[in-house]
Structures are given as C-alpha cells and as structure tokens.
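Remarks on the structure that follows.
The values are calculated or read from the model by the stated rules, or taken from the named source; none is laboratory data. Predicted model only: the values in this text are computed from it and were never measured. Please note: Cβ atoms are built from the backbone with ideal geometry, for glycine as well, and neighbour counts cover all protein chains shown. Note: areas computed on protein heavy atoms with side chains; ligands, DNA, RNA excluded. Shrake-Rupley method; radii C 1.70, N 1.55, O 1.52, S 1.80 Å.
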Number of protein chains: 2
Amino acid sequence: MSEIRTLALGCKDAAQAMFALDSESKCRLLHDMAAALDAQRDAILAANARDLQQATAKGIQGAMLDRLRLDEARITGIAEAVREIAALPDPVGLVTRRDTRPNGLEIERVRIPLGVIAMIYEARPNVTADAAALCLMAGNAVILRGGSEALHSNLAIASALRAALEKHDIPAAAVTLVEDLRRETMIELLQLSDIVDLAIPRGGEGLIRFVAEHARVPVIKHYKGVCHLYVDASADEALALNLLVDGKTSRPGVCNALETLLVHRDIAASFLPKVAQALQERGVELRGCDRSRARVEGLRPATDEDYAAEFLDLILAIRVVDDLGMAIGHIQRFGSDHTEVIATRNDESARRFVQAIRSAVVMVNASSRFSDGGELGLGAEIGISTTRLHAYGPMGAEALTVERFVVRGEGQVRHSQSRL
Amino acid sequence: MSEIRTLALGCKDAAQAMFALDSESKCRLLHDMAAALDAQRDAILAANARDLQQATAKGIQGAMLDRLRLDEARITGIAEAVREIAALPDPVGLVTRRDTRPNGLEIERVRIPLGVIAMIYEARPNVTADAAALCLMAGNAVILRGGSEALHSNLAIASALRAALEKHDIPAAAVTLVEDLRRETMIELLQLSDIVDLAIPRGGEGLIRFVAEHARVPVIKHYKGVCHLYVDASADEALALNLLVDGKTSRPGVCNALETLLVHRDIAASFLPKVAQALQERGVELRGCDRSRARVEGLRPATDEDYAAEFLDLILAIRVVDDLGMAIGHIQRFGSDHTEVIATRNDESARRFVQAIRSAVVMVNASSRFSDGGELGLGAEIGISTTRLHAYGPMGAEALTVERFVVRGEGQVRHSQSRL
C-alpha cells in the first residue's frame, strides 16, 4: 500500500473516534490545542525561521514572505482563533427535523460529521491550525497538505495539535500533515475516494483548478469573486457611493471586493461624476463603457475581459445599463456566483434582483465586503463555495457536517406478510 | 462548439427561467405535463413498441424487457406520479434561518434551485418523467441521458413534457433529452463543469463507477446497499425476526434489503434456530460464521466476500458477535454507509449504536425496508446518496436545492473610513 493511502487510512480510523466525541470533549480538546500552541511557541518560531531562511534563499520576498512569517503576536493570534472556534455552537447532533409517520415511525434528521476532510492550501501556516480546529470541532478528522514553503512551520504547528489529541486519547492521525509534497502524491490523495469525504482547496486559481481537475473525491471550491454593485435609478446616491468606496477600496485584494459597477442610465449623469471624484482621489483606475465615458472624462474603455476580470486591485469596470433587466443580464454573463449588491430604494427592484440573481450571496443596500463567514454570523470560515451544492457562499462549521436519518420504531415492517 | 455543449448551454438558459418561477406556476406546469403525458399516450405507446421490438431483436428478455415495457396503466401511473410531485411542498424560497447582526444587517438563508441537473440512467422510461418532474418542481432544468434501449420511449415522453413547457413560455430546453448516446458524448457532458451543477447516475454499479470516474462535475451516487441487522442480547426475538423476514424477503432485489445478520452471542442459541426456520421455509440460503454454524445445521461457511456482498437475492450472511462493539466493528469494516438496524430493548445499546454507526440511515427496531424517500416522508425520491456530502440517504426535492445568503441593509459598510 502506498504511503499516502496508509496515512489516509489512519486518518479515517481517527475520524471514527472523532465521530463519537461529544461537544464538551471537543471543546476541551480545542482548548488544549490552543494551550499546546502557546506552549510550543519557541519550537514553532524556530521552525518558521528555517522556512523563512529557505524562502529568502529562493528569492521569495514582499507580501508572500510576510504571509509565511510568524512572530509571538501571530502565534498568540493563532491560538486565540482556536479558542474562538472552541466557543462556537456544535453543529453535530443537531436535530434539524422531527416527524412521526402514520405508521408510528419517528424520523429525525440529525447532523453528523463528514468524516475525513483534505485541506489543500498554500503558504499561510495559520491555515494549519485554523482548518484543523474547525474540522475537529465539527467532529471530523483532517488531512493537511500545505505548501512546501511552510513545511517546517506546519510540522511544528501540527505537532502541537497532535500532542493535545494524544492527551485526550484520540489517535494523533485525526490531524495528519502530509510531508511528501510531490504533485503525484497530492493527485493520489485526491483520488482516495473510499477514504476522503471532501477536499477543500484554498489558494490561487492555479491550485484550485489543479485540484478540480485531478480529484475523484468531492471538492468544494471557488475560483474567483467578480462581485457587482448595481445602482438602481431609485438608489440613494450617498448610500450607493459608500457601498462602492467600501467594496472597492477597503481591501481590494480579497474575493468579496467589488470589481464592476453597473449604473442605471437615469441616474448616471448625476452619479458617475461623484464616483469618479470619490474613487479617483483614492487611486482607483476606472474603465468604462461608451455611455460612462461620456459622463466622466479620461475613462479608459472597458473590454469584455475587464468585465470578466477579478482585478484584486484598485481598478473598477463601469457600465451604464438601460434597466434592471440589463444589469441582471450583465451579471448572468460575467458574474462568478460569489456576491452581488443592489443599491435601491425601490422594494420591487430589490425583489426582482434577489429573485433573478443566482449568486451565493445577494445584498440589498449593504457592502459586498460583508460576504464573509464571520460577518454573516457563521463564527469562522473554512472557505467559500461557489459550487452550488452542499454549501453555497461562506462555509462555517455546519458546512463540515451533513444531515442523516435516525429512525425509531417498535418493530414496524414494510410488508405485513413479514409478520410471523 | 460541440453539439452536447450547445444543448447544455440551452438547458442552462432555461435554468435561469426556471429559477424565477413561483410555486404556483411550477404546480400548474407539472399538471399540464401530466395532462400532456395522458394526451400523448398513443404516441408514447407506439414509440415504446419500437423500443420493445428492437430490444427483442437484440435478445433482451425477462425482467429487463419488462422494465422497458409501457402500457396504458403504466402511462397513467407515470402521469399520476407527476401530479403527486406537483403536490409536494416547494423547497425553493424556504427561509431556513434568519438573523439580525449587531450592525443591523438582516441575514436570511434561503433555498434556491441547484441549476442544471444531469440525470444518467438506464432502461426504465418512467425515470424520464419522474426525474424531470422532480427537478423542475425544485426549480431546476434537467439534462436526461437515458439508455439506448428506451430511446424512442424517452423521446416521446420528453416531447410531451416539452409541449407543456412551451405552453408556459418556458424554453423547452428545461427538459433536454440527449439523443447522441455515444460514451464519449456522455463523458463530455460529465465534464461541462461550467454548465452542469450536479450529475445523478441511477443504475447498475458499472454505470455509476463510469460516471464517478469521468465526471468533473459534482456527482451524487450510491454504489450498493450492504444493510445490516444487529440483534442485541436484549432484543425482543419476535420483533427482531419480523424485521429480519421483512428486510430479507419482502423485496430482496432492492438496495435497502438486508444482507447480513449480526447476532449477540448471548441470544444466538435461542434466536438462530428461529432464523433458520423462518428464512429457510422462505427459500433463503444462509451462510454463517463458525459460531452460527454450531447453532444451525447445514449452514454454508460465510467468507469475507459474503460479508461484503450485496446479494440482491435470497441469501443472508450471518455472524455471531461477542458484543455491540464487535457488531459496530463489523459494520465499519463491511458496511456501505446505506442503512443499518439494531433490534434491542436496551436504550443504552440503541444510543451507542446510533452514536457509532455513520451510515445515512440508522434504524432502531424498524425494518431497513423503510429506508426510502417515500417512507421517510420526503414525498418522492430522486436517488439515494451514500456520498457524505450535500445529501446523505434518500434524496427528495429539497436535495435538489441549496441554501444561499440574502442580506438586507441600510447602507452598512465594513470599514467606517469608507463613509464619505
């Protein structure tokens, strides 16, 4: 048997042990994990120093090096995040529906853990602790396959987490870190369909496409967020401008940032000059259709590529539309099913927008930047799904569980002839 | 663009039209579909006669030919099933959770359709109408890829359904039947990950493995049902015997039939002779472990292959176990995550069994044969999932939808500096 299969089978056995844990035990386990992270701070920092040294030698610098770096405060933050996850309500065991059938059978729908979750991620070592804590809190075991740049840091963090598992008599394999980072090993992991219940890739579009292409296990993913703000004819212009500035400039590099502004033609003459003033003074480059270029001087023409782009930068594509229907058509063509916003004072426009737009998160008069597990009340986020299955949008602990049926009877049989 | 991609894109456009339909419109649509099936009865029977003739010429006979055959009564039954689906509660639009965040944002979780569902199935032409009706009722569009034996019947049924769609001004592509049945075309369909939201294969294990292997779109499937009955030391023997006879003999060819009996050693001496008497007089072949063979004469030895088998026949594997833990271990090793039953009068044994067994349906003192969408109160069943994701166990209309977020605000922004 291959090494990765042996590892994964160990994780599956551990998933069985996790399955039976009650909420209180999981909470204690996570608190001990946080304590172990604090206690093993020096070992984690030493491992991280090794990763940083190798990364620097490879020429990695800037934001990428910063994402890799741990310090006292970041380790404290990682441990604190584990404690916050421990404080979340436990989705496992939740009875979502109860029904008594005419024949007296009592049917319950009950949430149970998924089982074995494979996390495939890149440079940030904090994902190792975050993802492990959230998976375990929902009663799962986890296989972590991080990036090679962070291997020593990830090993040190996983070692702390595994020490806590052993203290609780749970197989350490409930947190399994893959050390063999060859691509063929990752492919094999992604094809262990009798062991792995779900793979969640987190990182750049290249990684996610690689996982989607090779996986034979279920994958939940999102490639990109091309989020739209539609400013209706009836919109409160000041409100719409706030949503636009927040959506575009508060953190342009994230997936819930705005990329395209759609403006109803009846409000364009008044609204677009305000857009230009507010955004250009914040360093945002604007690219527009012919009608928007007629309202704002110096706009570069927007192409279809611009409308399809996730800029992740201070660039905004603009289009003037004839009506709500044309805005919806634009989003259907160019959207990424992530998050769309309407600014309107007209309830009927809001209703039609929500009704027609199939994205994971649809906002009325609120910033796209709230499209985030924490902001939407999920407590913590394991990822975002734009796959319209299982979970759609930000995913919290509940998305790491599934409902099954528990049936209680008094000897009911389906065919009366079966009674002796 | 390939023909199958063009077809699928047409279906995706139709999904957008379906997305906006309210419950009443969908109900009227399904009633008109049922009426169209009744009205086009002669054309459907003529098409079916052609399929039967070709099948007979190919040497198909017996149960397989019978599955293909339609008659007046079966068409009436198919139309009636569509009306029953129309009467189900609409899962779309259901608000499953409401929350007001501290910043005043109102968050709703609302069920929406999945989008485009590809059904891949074999000989039964009734699946064409059943699956289409259930997909449409949940607001989806459907691509139907049936078996070659039933092509003419499927075309005639789809033609009736599409006539009803056109009457309602919905693109007929909402029910798209694939006529090109080449394997490479099916593979291309299963890889249209930008169009198809879910593939559901229904049929033999060979078909399902083929779909799972080639799909790049999400697949929900189950391969087989190796269902267990564990008879605890405390079981009511008469009750347990009823569950066993019902589970094994009432319809041995279905996935929720029992395949293995596990008996606590303390009850084996008394219970196993009753098992032998009841089942052998019903023509069931028994295969057992050494300890069960000591209790019942003439038992053939059971191998590991027997314990892993879905017999779909009048054969039962038997094993005497030392205790509940050994029964659980056996199910963990040989089970298929479908349905398991415990017969017990001990609440603690029931609790431990439910707690440790991760199958989609777990029954206490009830027959495994109730593991079925209709019996569990789902109204209709599109399939059964043993994939521990999205849906687990029998899947009804709700499993053809997903929850998304609708957020209503009054201009809230995430970063206060965004306010102008």
Hull volume in cubic angstrom per residue (convex hull over the Cα atoms of the protein assembly as shown): 168 Å³
At a 1.4 Å probe radius, which order do A:GLU297, A:GLU259, B:GLU24 fall into by accessible area, largest first? A:GLU297, B:GLU24, A:GLU259
Counting only protein heavy atoms and rolling a 1.4 Å probe, one gets per residue an accessible area for the protein assembly as shown in Å² of 38 Å²
Post the alpha-carbon centroid distance, region A:341-401 to region A:109-166, in whole angstrom. 26 Å
Taking only the alpha-carbon atoms of region B:138-230, the convex hull volume per residue, in cubic angstrom, is 144 Å³
Sequence gap at least 6, Cα distance under 8 Å: using those rules, report the relative contact order of region A:359-420 to the nearest whole percent. 24 percent
Determine the relative contact order of region B:227-370: mean sequence separation of Cα pairs under 8 Å and six or more apart, normalised by residue count, in whole percent. 35 percent
Charge tally in the Cβ shell below 13 Å around B:VAL196, where Lys, Arg are +1 and Asp, Glu are -1, B:VAL196 excluded: +2
In region A:366-390, the residues losing 40 Å² or more of accessible area (1.4 Å probe, heavy atoms of protein chains only) relative to their chain alone are A:ARG369, A:PHE370, A:GLU375, A:LEU376, A:ARG388, A:LEU389, A:HIS390
Ignoring ligands, DNA and RNA and using a 1.4 Å probe, state the total buried accessible area between B and A in Å², rounded to the nearest 100. 6800 Å²
Less than 23 Å apart at the alpha-carbon level, and either on another chain or at least 8 residues along: which lysines does that give for A:LYS224? A:LYS248, B:LYS12
Computed [θ] at 222 nm, deg cm²/dmol, chain A (DSSP H ≥ 4; -39,500 (n - 2.57); rounded to nearest 500): -13000 deg cm²/dmol
Quick one: pull the percent of accessible area on region A:227-370 belonging to carbon and sulfur, 1.4 Å probe, ligands and nucleic acids left out. 43 percent
Kirkwood-based Rg/Rh on the Cα set of chain A evaluates to 1.04
Which aspartates and glutamates have a Cα lying under 13 Å from the Cα of A:LYS274, excluding residues fewer than 8 positions away in the same chain? A:ASP236, A:GLU237, A:GLU297
Can you list the copy-to-copy distances for A:ASP13, using a point 7 angstrom from Cα toward Cβ, in nanometres, shortest first? 5.7
Environment charge at A:ARG251 (Cβ cut-off 10 Å; Lys +1, Arg +1, Asp -1, Glu -1): +2
Excluding B:ASP232 itself, calculate the net charge of residues whose Cβ lies under 13 Å from the Cβ of B:ASP232, where each Lys or Arg counts +1 and each Asp or Glu counts -1. -4
Computed over chain A: relative contact order in percent, which uses C-alpha pairs under 8 Å that are six or more apart: 17 percent
Cα convex hull of region B:182-283, projected area averaged across orientations, nm²: 8.9 nm²
With all protein chains present, region A:70-214 has a carbon and sulfur share of its accessible area (1.4 Å probe) in percent of 47 percent
What order do you get for B:386-397, B:127-138, A:4-15 when each peptide is scored by the mean count of other beta carbon atoms within 10 Å, highest first? B:127-138, B:386-397, A:4-15
Could you put B:TYR230, A:TYR223 in order of accessible surface area, largest first, with the 1.4 Å probe and the full protein assembly present? A:TYR223, B:TYR230
Which three extents, in angstrom, do the Cα atoms of region B:1-147 have along their principal axes, listed largest first? 71, 38, 25
Hull volume in cubic angstrom per residue (convex hull over the Cα atoms of region A:227-370): 87 Å³
